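Report on one structure; see the data block that follows.
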Amino acid sequence: MAEIRLLSEGIFEITKDKRQLATPNLDPGKVVYGEKLVSVEGTEYRTWDPRRSKLGAMVLKKFNIPLRKDSKVLYLGAASGTTVSHVSDIVFEGAVYSVEFAPRSMRDFVGLASRRKNIFPILADAGKPDSYAHIVEPVDLIFQDVAQPNQAEIAARNAIRFLKRDGYLLLSIKARSIDTAASPKEIFTEEVKKLEKAFEPGFEILTARDLVPYHEDHLGVLAKLKE
């Protein structure tokens, strides 16, 4: 018999042999990346692997995850949709505008989006938000997971363009995508400074924690625009 505990709106911990993150399955009977399906009290859940998801790792690192059932989300770096699918489960009455630059990943992703009506796939460069401004509405949350050297700048450009004044940024900073030689700690310090001071109006950093042991050389950041 599985036991279930609510961690955050739409995010659960299921204990059945072992503890696992999970989200209620918006597409019953279907899996996205080989995850397990678990039924508890008449509801089907999808297990969520934090080693394949920066957002899942942030949940386990005790980040506040400001997602609600009707949240509008801009997801930068959708890839083939592993984490986007869990966001889709959580914001089942909302929308996930999902930007991905690689055509091959987008081909896989479109199949997922066709089965989930709250996912809107966008083939575009996250560094050029004006190119998809005609598609994306103001959002409650931006989640960014891109492997580009100017990660802080990309986050700022999109936040200034799309983020509501009371919205949040969740960012996974990938040290090795910025500099392969410098120490990750130095890179993280510099990127956080950029978020705070290099852009107008700048960000207030609410939480900044490494994502070890789930992801090496990654820093998770929760921030909001300064007043």
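Taken one residue at a time, the phi angles of region 152-169 give Karplus couplings (6.51, -1.76, 1.60, θ = phi - 60°) of 5, 5, 4, 4, 5, 4, 6, 5, 5, 7, 10, 6, 4, 4, 9, x, 10, 10 Hz. Gly and Pro are set to x. In this label model, ARG52 and ALA102 are separated by 1.5 nm, measuring between points 7 Å along each Cα→Cβ vector. The ALA182 and VAL31 beta-carbon pair, evaluated with R₀ = 35 Å, returns a calculated FRET efficiency of approximately 0.35.
In a DSSP loop and with at most 12 other Cβ atoms within 10 Å, the GluC sites (Glu not before Pro) in region 72-177 are GLU93. Each label point was placed 7 Å from the Cα along the Cα-to-Cβ direction; for GLU227 and ARG68 their separation is 2.0 nm. Across region 112-125, rounded Karplus estimates of 3J(HN,Hα) from the backbone phi angles (6.51 cos²θ - 1.76 cosθ + 1.60, θ = phi - 60°) give 5, 5, 5, 9, 10, 6, 9, 9, 10, x, 10, 7, 6, 8 Hz, Gly and Pro being marked x. Amide hydrogen proximity for VAL40: with H placed 1.01 Å from N in the peptide plane, the residues at 5 or more positions away or on another chain lying under 5 Å are TYR45. Think of a 1.4 Å ball rolled over the protein heavy atoms: region 36-117 then has 42 Å² of accessible area per residue.
Hey, for a label at GLU196 modelled as a point 7 Å past Cα toward Cβ, could you say which residues of region 203-227 have their backbone N under 18 Å away? Taking a point 7 Å out along Cα→Cβ of GLU196, the residues of region 203-227 whose backbone N falls under 18 Å are 203-210, 219-227. Annotation: SER183 carries an accessible surface of approximately 50 Å², with a 1.4 Å probe and no ligand, DNA or RNA atoms counted. Give me the percent of the accessible area of the chain that comes from carbon and sulfur atoms, probe 1.4 Å, all protein chains in place. The C+S portion of the solvent-accessible surface of the chain is 48 percent.
Could you tell me which of the pairs LYS128/LYS197; LYS36/LYS193; LYS36/LYS62 are separated by over 30 angstrom between their Cα atoms in the structure shown?
Check vs 30 Å cut-off fails for LYS36/LYS193.
Figure legend: label point modelled 7 angstrom from the Cα of LYS117 along Cα→Cβ; residues of region 78-94 with amide N under 18 Å from it are 88-94. The value of relative contact order for the chain, using C-alpha pairs under 8 Å at least six residues apart, is 15 percent. Sparsely packed loop sites in region 84-185 (the trypsin sites (Lys or Arg not before Pro) outside DSSP H, G, I, E and B with at most 16 other Cβ atoms within 10 Å) comprise LYS117.
Remark: region 208-213, residue by residue, has Karplus-estimated 3J(HN,Hα) of 9, 9, 5, 9, 5, x Hz, where x stands for each Gly or Pro and the curve is 6.51 cos²θ - 1.76 cosθ + 1.60 at θ = phi - 60°. Using just its DSSP H runs of length 4 or more, each adding -39500 (n - 2.57), the chain gives a mean residue ellipticity at 222 nm of -7500 deg cm²/dmol after division by all residues.
The values are calculated or read from the model by the stated rules, or taken from the named source; none is laboratory data. Worth saying up front: this structure is predicted, and the values here are computed from it rather than measured. We place every Cβ from the backbone using ideal geometry, glycine too, and count neighbours over all the protein chains shown. For accessibility, only protein heavy atoms count, side chains too; no ligands or nucleic acids. Shrake-Rupley method; radii C 1.70, N 1.55, O 1.52, S 1.80 Å.
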